[in-house]
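The values are calculated or read from the model by the stated rules, or taken from the named source; none is laboratory data. These numbers come from a predicted model, not from an experiment. Heads up, the Cβs are rebuilt from the backbone with ideal geometry, glycines too, and the neighbour counts pull from every protein chain shown.
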Amino acid sequence: MLVSMTGFASADAMLNLQGQEKINVSMSLKSLNSRFFETSCKLPYPFLSLETEFIKLFKEKLIRGHIYFTVYMEESKLFKGTVEPSLALIQGYMQAIATLKQHIPSMQGSLTVDNLFRIPNAFTQREWTLDEATKKQVFDLVQQLIISLQEAQQKEGAVLAADLAERTRRLSLEIETIHQESNHLMEQQQHKVQTAMQEIAATGNGDQLAEIRKNALLAMLDKMDIHEEIVRFKSHLKNFNDHLKKATHEKGKQLDFILQELGREINTVCAKCSDASIGSRAITVKVELEKAREQVQNIV
């Protein structure tokens, strides 16, 4: 089973707060492909203390990808405490005013309540955090959100699996055709080499140029032989298909590494064989491999 890194889930819930108050909360969880596990959380103040726990939970359940977690809360004022004066700050201002009047007798006026509202941070309003019962509600909702996201990822993974299965089928057909054409080409070249070597033999064993030509023909024949590369390509392709069918969830990186090995083998085939037909089919194989790599980038 394949699991995609891309998916989206959202949920709404009514949280029961202290003092029988209720507040509506909306959450969304989105995941995109990434080489590693990353998390971006956008949380209101009461939820900030839970961010580390959220990230730990996402890492455990979602394994890999860039996770975007957003929480929107209505009536956030319910988390506001009572307004209290900053007594130390206000007393400091009053002492400062008294000191000024001692040094400057002509200074008139006094500090009023209206003046206090103009002093920065003269009054504070504390926000209280979530109680344990509310935290449990929040994490239950997050767990449901993760399950919904996983279901979306599995549906996308099934689409990726079907696409990759079709691409491996095409790759198998192309490499088998290349194998057959390579065998036919090698037979033709071997016949040419044998004919040439017979002509060389007829010139006599002492001809140094004839010996050089003979070695050159044998080296050319050896260079054109792509049998080993084709065997390795088929082995890597089988390994790729086996990984697709494994029950493990985390296999995107393994599949990507196997595709890299397949790419190296087909590049060697192109370099060693100058036949136009085989070269054309090798390009088709490269295109399919590149498309497969694009899809594999989305797999956990």
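A few points about this structure:
- Which listed residue, of ILE283, ILE258, ILE278, is more than 20 Å from THR6 (Cα to Cα), in a helix (DSSP H, G or I), in contact (Cβ under 8 Å) with a residue 24 or more places away in the chain and among the hydrophobic types (A, V, I, L, M, F, W, C): ILE278
- Residue list for region 44-58, filter: closer than 13 Å to TYR72 by Cβ and surrounded by fewer than 17 Cβ atoms within 10 Å (Cβ to Cβ): PRO44, TYR45
- SER34 surrounded by 13 or more Cβ atoms within 10 Å (Cβ to Cβ) and in contact with a Lys or Arg (Cβ under 8 Å, 6 or more places away or on another chain): yes
For (1) surrounded by 12 or more Cβ atoms within 10 Å (Cβ to Cβ); (2) polar (S, T, N, Q); (3) in contact with a Phe, Trp or Tyr (Cβ under 8 Å, 6 or more places away or on another chain), each residue gets a yes or a no:
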| site | (1), (2), (3) |
| --- | --- |
| LEU130 | yes, no, yes |
| GLN153 | yes, yes, no |
| GLY157 | yes, no, no |
| ALA165 | yes, no, no |
| ILE175 | yes, no, yes |
| GLU187 | no, no, no |
| GLN190 | yes, yes, no |
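- Condition check for VAL287: farther than 14 Å from LEU171 by Cβ and modelled with pLDDT of 90 or more: no
- Close pairs from region 27-50: first over 15 Å from THR6 (Cβ atoms), partner in a strand (DSSP E or B) and among the acidic types (Asp, Glu), Cβ under 8 Å, at least 6 apart: MET27/ASP12; TYR45/GLU127; PRO46/GLU127
- Applying the set (1) closer than 22 Å to LEU185 by Cβ; (2) among the aliphatic types (A, V, I, L, M); (3) modelled with pLDDT of 95 or more to LEU259 leaves exactly one unmet item: (1).
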